[in-house]
1. Roughly how many nanometres apart are two label points built 7 Å out from the Cα toward the Cβ at SER76 and ARG115?
2. Using only the alpha carbons, work out the radius of gyration and Dmax of the chain in angstrom.
3. Output ³J(HN,Hα) for region 132-139: one whole-Hz value per residue in order, computed from phi by the Karplus curve 6.51 cos²θ - 1.76 cosθ + 1.60 with θ = phi - 60°, and x for Gly and Pro.
4. Measuring with a 1.4 Å probe in the full set of protein chains, what accessible area per residue, in whole Å², belongs to the chain?
5. So, by mean Cβ neighbours within 10 angstrom, what's the order for 18-30, 138-150 with the highest one leading?
6. Rounded to the nearest 20 debye, what is the charge dipole size of region 1-70 about its Cα centre when +1 sits on each Lys and Arg Cβ and -1 on each Asp and Glu Cβ?
7. Which percent of the accessible heavy-atom area of the chain goes to carbon and sulfur, probe 1.4 angstrom?
8. Given the rule -39500 (n - 2.57) for each run of at least 4 DSSP H residues, summed and divided by the residues of the chain, what is its mean residue ellipticity at 222 nm, to the nearest 500 deg cm²/dmol?
Amino acid sequence: MIRIATPDDIPVLHALVRELAAYEKALDEVVASEEQLAEALFGDRPAAYAHVATADDDSGDGGEVIGFALWFLNFSTWRGVHGICLEDLYVRPERRGGGHGRALLTELARICVERGYERLEWSVLDWNAPSIAFYESLGARPQDEWTVYRLTDGALASLGGGDGAV
């Protein structure tokens with residue numbers, strides 16, 4: 001049901017990213033191409049990793065990809081070890097409730113335990129009550145004392161361009 005993504009999965013991963021963005025009411029923000037996704041996951045210096053959830057079938061080919069988890073390593077200076085930052089977790093709506101999301105998170109937790117990572121972290125939109133309830137049912141707890149900040153587009157270019165103006 002869960003396996004490491006392969007380069008052959010890039011088209012469906014890209015489609016799932018777009019589906020997730022549409023679900024989050026932000027499809028217009030997706031500018032990543034299949035080529036960029038392939039480079040990030042399978043290029044000379046991969047910086048991200050992905051696992052896919054497949055539909056159960058008896059064909060022996062692993063089944064249709066119906067969900068994914070895309071993640072990268074972070075680092076805790078307080079704990080002195082890496083952790084996993086889950087960038088995206090998505091299961092197609094018609095396949096939810098079948099245990100695929102839980103299986104993807106279980107695999108990432110297994111990787112953390114196996115490698116000595118001490119955190120598995122992700123963000124969730126405040127309005128996404130079904131996901132929040134699901135995460136809390138697994139024992140995850142919100143980190144309400146932290147606020148996420150982000151630089152993009154012109155503000156990032158301005159700051160990174162050296163003039164410091166925003």
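The values are calculated or read from the model by the stated rules, or taken from the named source; none is laboratory data. Predicted, not measured: the structure shown is a model, and the values here were computed from it. Virtual Cβ from ideal backbone geometry, glycine too; neighbours counted across all protein chains shown. Remember, those area values only see protein heavy atoms, side chains included, never the ligands or the DNA or RNA. Shrake-Rupley method; radii C 1.70, N 1.55, O 1.52, S 1.80 Å.
1. Using points 7 Å along Cα→Cβ, the separation is 1.5 nm.
2. 17.1, 59
3. Those phi angles translate into 4, 4, 4, 4, 5, 5, 8, x Hz.
4. Ligands and nucleic acids excluded, the figure is 65 Å² per residue.
5. Highest to lowest by the protection proxy: 18-30, 138-150.
6. Values: 4 positive and 15 negative charges, 58 e Å.
Using only the charged Cβ atoms, the result is roughly 280 debye.
7. Numbers: 5700 of 10760 Å².
Carbon with sulfur: 53 percent of the solvent-accessible area.
8. -10500 deg cm²/dmol
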